[in-house]
Each structure stands twice: as structure tokens, then as C-alpha cells.
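Scroll down for the structure; my scribbles are underneath it.
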Amino acid sequence: MAGSDAAARVDEVGTRILEAALQILRARGPRAVTMQAVVEATGIAKTTIYRRHPNRRALLTAALEGLVMRPAIPPESSREQRLRWVVSQSVDVIANGIGVGGFAALLTDEDPDFSEAFRAILGAHRGQAIEVLGGDSGDGDTVIDMIVGGYVAELARTGTVDRGWPDRTLAVLNRGVVT
């Protein structure tokens, strides 16, 4: 029993490290994600962080890999349910994934290591979203680009994204823009 308690504590420490890295990324961008910043955010010893992640790039990559795991959607889901899933997951990977700080850095390629790692994550997410859209999605890449672009435009235009934005986007997609 003591071994499982120790394993749970180790896993908790690893989770705290990755969550702190993502919080820093969301708020201040990838350049702010340093071992020292994670130490300050978590109180976890720098040596403990380095044992799990030999360098900043490995830390960022590990934190971003957690964003690949998206909730599954039942195969019998309707077209509207699949579209709703794609809208929510496409937005979530930005809003609750890399945040505005990470997205800005991605657009400017401020940190090439981060951009490369996150683009790989986006590729995995995009593939999953296109698969969920299935044969009646039209051009899956374009649909996803419209969703993400609309989200970013709303954020840029108003400084926030209204709670009704996903439903408005879904309504447009369901009106036949996507066939």
C-alpha cells in the first residue's frame, strides 16, 4: 500500500509541474515557461523538475502533449453533435490549452521550439477533428480554420469570447455553409 501512495504522490508532483507550465504559457507565452518559473509557481524543487524534464523544451512538449487527449465522441453521434464537438474542441485547445499568450507566440513564431511542438499537437487534433466530421464535412481543414479563425476574430474584436459564440458558430455551420 505504501508503494501506491508514493506513486500517487509522484504522479501528483508531475501533474502540478505540467499544469504550472501550461498556466504560465497561457498567461505569459512560451518564453516565460522556465524551470525557475515553474519552481516559483509550484514550490517544487528545481532538481525534481529536471529529473522529469531535462530541459525547457522537454517540459513544454510534455505539457503540450496533454492537450492531444480529447474526449471521445460516440460513433453514432448526429452531424450536429459532431459539429458541436469539433467547435468545442477546436476552441478548447486554444482557450484552455495554450491560451492567448501561447497563441500570440505561435502566430509570431516567437519561440520556434514551442511553435514546432504545438504545431505537431495541432496536427494530431486536426486529424481527430476531421475524422469526427466524417464524409459530410465538406473540407474539414477549412471548417476547422473557420472555427478557429472565428474564435480569434471574436477575441480580437471584443477582447473576450461571448458564451453564445459556439452556438452562433454552430448555427452558421448547420445552415448549410458546411454540407
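Got the relative contact order for the chain handy, in percent, Cα pairs under 8 Å and 6 or more residues apart? The partial results should precede the final answer.
Working: 155 pairs, mean separation 42.5, N = 179.
Computed value for the chain: 24 percent relative contact order.
So which trypsin sites (Lys or Arg not before Pro) in the stretch 85-179 are both in a DSSP loop and have at most 13 other Cβ atoms within 10 Å of their Cβ?
Values: sites: R119, R126, R157, R163, R168, R175; in loops: R163.
Listed in order of number, the matching sites are R163.
Distance in nm between label sites at S77 and V152, each 7 Å beyond Cα in the beta-carbon direction?
2.4
Just want to confirm a number: the relative contact order over the stretch 88-179, from Cα pairs under 8 angstrom separated by 6+ residues, in percent. Don't skip to the answer; put the middle values down first.
Values: 37 pairs, mean separation 25.1, N = 92.
About 27 percent, as a whole number.
How much solvent-accessible surface does D162 expose, in Å² to the nearest 10, with a 1.4 Å probe and all protein chains in place?
Result for D162: roughly 80 Å² accessible.
Please arrange F114, F103 by accessible surface area, largest first, computed with a 1.4 Å probe and ligands excluded.
F103, F114
If I compute solvent accessible area with a 1.4 Å probe over the protein chains, what percent of it on the chain is carbon and sulfur?
Roughly 56 percent of what the probe reaches on the chain is carbon or sulfur.
Using a 1.4 Å probe and ignoring any ligands, DNA or RNA, find the accessible area of W165 and quote it in Å² to the nearest 10.
For W165, solvent-accessible area is about 20 Å².
Leaving out ligands and nucleic acids, and using a 1.4 Å probe, what accessible area per residue does the chain come to in Å²?
Here the per-residue accessible area is 53 Å².
Using 1/(1 + (r/R0)^6) with R0 = 25 angstrom and r between the beta carbons of V172 and E131, what's the FRET efficiency to the nearest 0.05?
Numbers: r = 22 Å, r/R0 = 0.89.
Computed FRET efficiency for V172 and E131 comes out at 0.65.
Given Cα pairs under 8 Å that are at least 6 residues apart, what percent is the relative contact order of the stretch 13-80?
32
Pick from R26, R51, R84 the residue whose mean-square fluctuation is largest in a GNM of the chain, springs joining Cα atoms under 10 Å.
In the Gaussian network model the winner is R51.
The values are calculated or read from the model by the stated rules, or taken from the named source; none is laboratory data. Keep in mind the model is a prediction, meaning the values are calculated, not measured. Backbone-built Cβ (ideal geometry, glycine too); neighbour counts: all protein chains shown. Quick note on the areas: whole protein, heavy atoms, side chains included, nothing else; ligands and nucleic acids left out. Shrake-Rupley method; radii C 1.70, N 1.55, O 1.52, S 1.80 Å.
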